[in-house]
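S.K.: The structure follows.
The values are calculated or read from the model by the stated rules, or taken from the named source; none is laboratory data. In this text, all values refer to a predicted model and were calculated from it rather than measured experimentally. Because the Cβ atoms are built from the backbone with ideal geometry, glycine has one as well, and the counts that use them run over all protein chains shown.
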Amino acid sequence: MTLSNEQNQPVLTEEQQEKNAVLEFEPLPKQELFIEKVLDSPRYKFVWYVGGFGSGKTFIGSHTALRLALRAPNGRGLIARQTLVDLKATTMKTFWEVLDRRLVKKWNKTENLLTLYNGHEIYFWGLDDIEKLKSLELGWFWIDEVNEVDEMTFNVLKGRLRNKTQPKRCGFLTSNSEGKNWTYQQFVRGKGLRSLADHAKFLTIKAPSTENIHLPEDYLEVLNSYTGDLHSRYVLASFDVFEGQIFPDLKRDVHCIKPFAIPDEWLKIGGIDHGERNPTAFNWAAVSPRGDLYFYREYSRPDAFVDEHCKNLVEMTGNEKIDYWLIDPSAKSVRGKTGKKIDQEYREEYKKLTGKDLKLRYANNDVSAGIARVHRYLRVDPQRVHPITKKEGAPRVFFFDTLTTTLDELEGYKWSKQSPTDENDAKEAPRKKDDHNVDCVRYIIMSRPDITIGTALQRFPKEDKVKDPHSQLLEVAQRNNPEDFVKL
Ligand SMILES: Nc1ncnc2c1ncn2[C@@H]1O[C@H](COP(=O)(O)OP(=O)(O)OP(=O)(O)O)[C@@H](O)[C@H]1O
Ligand SMILES: [Mg+2]
């Protein structure tokens, strides 16, 4: 689809574009600081906005990106997340909401390339293919939810800031806090940077959710109901390392439901966490038409090999059509009883038993990103109607109450104790114990699109938007011959 106005001409002058179309919003204090440092401070080349849930990260990222683009006619920028699916589900959604369509010259949907009236090109990419990045010349880049991205990718992108049309070349990042992960180490402590002078180009801005006065009251209430670690990280954006229970937000009275027959047409996903002496775990989940996840079956058994587990998998699945199975990527390299790789053993056993191919995919096994996404799915959206009670306030994930192993494991899932040596180097990791079904849950949730807290207020009235030729024709026809149309 190409978005353009009738004459394919900018509707606003350049000055108006800067003043009206892009600047007209009231930034929150941290957002103001952020945008000023990214755009105008000669000192800071890399700025990280680390905030709580709904602290305005994606909103300010979008505004900043647009302003950078308007400052560099014929320049080029990149808006990215780890995967394109998540970029589309969250970042691009907000970006389109804050973008005044009058600035658009062309939207190339296949390449995800937006060209503005001044010729500036904005690419929207998933960062899972690092090779692709090596050929880019950018004036700026923005990575949303950067904690899902590895440090190497960020370092490669830094080296792509070579587009000369950009008055100030820069990279900016937005994310929740993930404790003392690489972003913290590089931005706050300067780890991996050559000199103090290099580190002086990095700035971190912390934004608690509670500072976002635009969040609806009921969202704030939900966030403020968080306690302990969860509150300090996902509301206050603290870098403290987690301790204790990993999912205190899992509540049986909210997330557990009585089993029901899952409709055939719902998408179904399986998770496989293979162990030989350790238990092998499977979970089956279904996606409702509105995107909620229902975990409806579990399996956990130690002391057996792939042939036995696969037989159980086939028997328990019966005639259900599972759209895909997610397996730990290490199954590609670990050998099983037959000397073959585990993934291969599953494929062969499954084929032997059913005559069909097992639809196997490799799970995203980034533990901290996976845990963060599980929290987002567990979070209660006060405006969402609960599918069972029909009351307002519902999470995005539910468990049949028959899944006792999975639920016990989720509740008992804990962070391992930190060694008291150097606080700053403390790495947080879950304790390795009874986490096999938890891993399946994590693989499955991580394979679903991310979700975000709110929708940006539409600043631009609908009539301002550039319409496609069909709706323009329809509108003219409606105006000229109103009686031809049924009034709704
Ligand atoms: N300066 C602002 N003016 C008006 N509304 C704002 C402003 N900043 C943020 N918002 C609104 O607050 C809500 C949350 O913003 P946003 O989605 O950017 O937060 P986020 O931190 O990216 O959230 P998430 O944690 O879900 O990724 C949105 O509805 C957004 O439109
Ligand atoms: Mg966001």
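S.K.: Which pairs have Cβ atoms under 8 Å, sit 6 or more apart or on different chains, and link a residue in the stretch 34-60 that is farther than 13 Å from Tyr234 by Cα and among the polar types (S, T, N, Q) to one that is outside any loop (DSSP other than H, G, I, E, B) and within 16 Å of ligand 2 (Cβ to nearest atom)?
M.R.: Hits for this filter: Thr58/Thr90; Thr58/Thr91; Thr58/Thr94; Thr58/Phe95; Thr58/Asp144; Thr58/Thr174.
S.K.: So Leu133 ticks every box in (1) within 16 Å of ligand 2 (Cβ to nearest atom); (2) surrounded by 17 or more Cβ atoms within 10 Å (Cβ to Cβ) but one. Which box is left unticked?
M.R.: Unmet for Leu133, out of (1) within 16 Å of ligand 2 (Cβ to nearest atom); (2) surrounded by 17 or more Cβ atoms within 10 Å (Cβ to Cβ): (1).
S.K.: In addition: Only one residue in Gly355, Gly339 is over 26 Å from Val287 (Cβ atoms) and at pLDDT 90 or above, so which one is that?
M.R.: Details: Gly339 fails: at pLDDT 90 or above.
Of Gly355, Gly339, the one residue that is over 26 Å from Val287 (Cβ atoms) and at pLDDT 90 or above is Gly355.
S.K.: Hey, can you tell me all the residues within the stretch 50-84 that are farther than 25 Å from Asp40 by Cα and more than 15 Å from ligand 2 (Cβ to nearest atom)?
M.R.: Leu84, the sole residue that qualifies.
S.K.: Can you spot a residue in the stretch 459-474 that is modelled with pLDDT of 95 or more, assigned to a helix (DSSP H, G or I) and not β-branched (Val, Ile, Thr)?
M.R.: no
S.K.: Another question, then. Do you know which residues across the stretch 212-249 are closer than 15 Å to Val380 by Cα and hydrophobic (A, V, I, L, M, F, W, C)? Before the answer, list the steps.
M.R.: If we filter the stretch 212-249 for residues that are closer than 15 Å to Val380 by Cα, which is where we start, we get 215-227, 230-231, 234-235, 247-249.
Result: Leu215, Leu220, Val222, Leu223, Leu230, Val235, Phe247.
Residue-wise test of (1) closer than 24 Å to Val156 by Cα; (2) within 24 Å of the chain's Cα centre (by Cα).
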| site | (1), (2) |
| --- | --- |
| Arg43 | yes, no |
| Val50 | yes, yes |
| Phe53 | no, yes |
| Thr58 | yes, yes |
| Ala65 | yes, yes |
| Arg76 | yes, yes |
| Leu84 | yes, yes |
| Lys106 | no, no |
| Tyr123 | yes, yes |
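S.K.: Give the residue, chosen from Tyr346, Tyr362, that is of a type outside the set (A, V, I, L, M, F, W, C), touching a strand residue (DSSP E or B) at 6+ places or on another chain (Cβ under 8 Å), modelled with pLDDT of 95 or more and within 29 Å of Thr90 (Cβ to Cβ).
M.R.: Going through Tyr346, Tyr362 in turn, just one is of a type outside the set (A, V, I, L, M, F, W, C), touching a strand residue (DSSP E or B) at 6+ places or on another chain (Cβ under 8 Å), modelled with pLDDT of 95 or more and within 29 Å of Thr90 (Cβ to Cβ): Tyr362.
S.K.: For Tyr117, are the conditions met, namely being in contact with a helix residue (DSSP H, G or I) (Cβ under 8 Å, 6 or more places away or on another chain), more than 16 Å from ligand 2 (Cβ to nearest atom) and not charged (D, E, K, R)? I'd like the intermediate steps shown before the answer.
M.R.: Values: in contact with a helix residue (DSSP H, G or I) (Cβ under 8 Å, 6 or more places away or on another chain): yes; more than 16 Å from ligand 2 (Cβ to nearest atom): yes; not charged (D, E, K, R): yes.
Considered against the rule, which asks whether it is in contact with a helix residue (DSSP H, G or I) (Cβ under 8 Å, 6 or more places away or on another chain), more than 16 Å from ligand 2 (Cβ to nearest atom) and not charged (D, E, K, R), Tyr117 comes out as yes.
S.K.: Could you go through the stretch 331-341 and let me know if any residue there is crowded, with 21+ Cβ neighbours inside 10 Å, assigned to a helix (DSSP H, G or I) and either on the phi > 0 side of the Ramachandran plot or not β-branched (Val, Ile, Thr) (or both).
M.R.: yes
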